[in-house]
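A short write-up of the structure that comes next.
The values are calculated or read from the model by the stated rules, or taken from the named source; none is laboratory data. All values derive from a computational prediction rather than experimental measurement. Reconstructed Cβ throughout: ideal geometry from the backbone, glycine too, with neighbour counts over all protein chains shown.
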Ligand SMILES: C[S@@+](CC[C@H](N)C(=O)[O-])C[C@H]1O[C@@H](n2cnc3c(N)ncnc32)[C@H](O)[C@@H]1O
């Protein structure tokens, strides 16, 4: 996953998603696994005294936005042994059973685990500028039931919700660059496409699931 386009712009959907799932809850220590450039960690700040943003990619951590309540690291050994909120925002798809076990061991009994993601619908724009639809087998709705150890968790919310957001042409291009690079496709087609507008409304789906550790 490329860090430059990620740090350039992320859809403004993290705060909305967390407000839906965490409501007025408050935590001592949130561990944000796969924090990327910190967008999800920043959105967690209102819900936790301290946030640890962890990402194995050093390039992502180097570009993460500093905030006094957040500590970013790419070193797994530096992670705390216990947290009361464990967040996977757009990262679960990259995490196998073995790795999940390591992260969930850090969650205290009664702690909350949340799996969040969103899917932006680029098809109407791609059609307009004459680009082929994106095809990917990425599972945005991945949650704990996709792993064998899910029985140690009690699910309390599972939701898919539609929303929309506005972005500038430059922001749209950053999103498309990141998506294309993630799929291993050349971004040249984006540079040569003719976009007709300076701003866009994009539709998106929010996916979120919340659990309590038994
Ligand atoms: C789609 S990004 C999400 C970034 C951020 N959470 C957000 O919402 O903006 C997924 C992140 O997962 C990270 N990742 C990949 N494999 C991982 C693993 N095994 N453990 C933790 N994070 C991982 C990637 O480096 C990437 O930064």
**Asked** When you go through 52, 61 one by one, which is the residue that is free of Cβ contacts under 8 Å to residues at least 60 places away in the same chain and over 20 Å from residue 114 (Cβ atoms)?
**Response** 61
**Request:** Could you please find all residues in the range 162-188 being in a helix (DSSP H, G or I) and within 16 Å of residue 135 (Cα to Cα)?
**Result:** 175, 176, 177, 178, 179, 180, 181, 182
**Asked** For the range 8-23, how many residues are within 13 Å of the ligand (Cβ to nearest atom) and within 16 Å of residue 91 (Cβ to Cβ)?
**Response** 6
**Item:** Considering residues of the range 116-150 that are out of contact with any helix residue (DSSP H, G or I) (no Cβ under 9 Å at 6 or more places or on another chain) and in a helix (DSSP H, G or I) only, the residue modelled with the lowest pLDDT
**Value:** 128
**Message:** Return the residues of the range 125-144 that are out of contact with any strand residue (DSSP E or B) (no Cβ under 8 Å at 6 or more places or on another chain) and farther than 19 Å from residue 184 by Cβ; say none if nothing qualifies.
**Reply:** 127, 128, 129, 130
**Fill in**
Within the range 194-214, restricting to residues that are in a loop (DSSP other than H, G, I, E, B) and in contact with a helix residue (DSSP H, G or I) (Cβ under 9 Å, 6 or more places away or on another chain), the one that is nearest to residue 138 (Cα to Cα) is 195
**Message:** I need the full set of residues from the range 24-42 which are more than 8 Å from the ligand (Cβ to nearest atom) and in contact (Cβ under 8 Å) with a residue 24 or more places away in the chain, in order please.
**Reply:** 25, 27, 28, 29, 30, 31, 42
**Message:** Against the condition away from the ligand (no atom under 16 Å from the Cβ) and closer than 20 Å to residue 6 by Cα, how does residue 121 come out, does it pass?
**Reply:** yes
**Prompt:** When both residues are 6+ apart or on different chains and their Cβ atoms are under 9 Å apart, which pairs have a first residue that lies in the range 87-115 and is over 24 Å from residue 42 (Cβ atoms) and within 8 Å of the ligand (Cβ to nearest atom), and a second that is part of a loop (DSSP other than H, G, I, E, B) and modelled with pLDDT of 95 or more?
**Reply:** 96/147
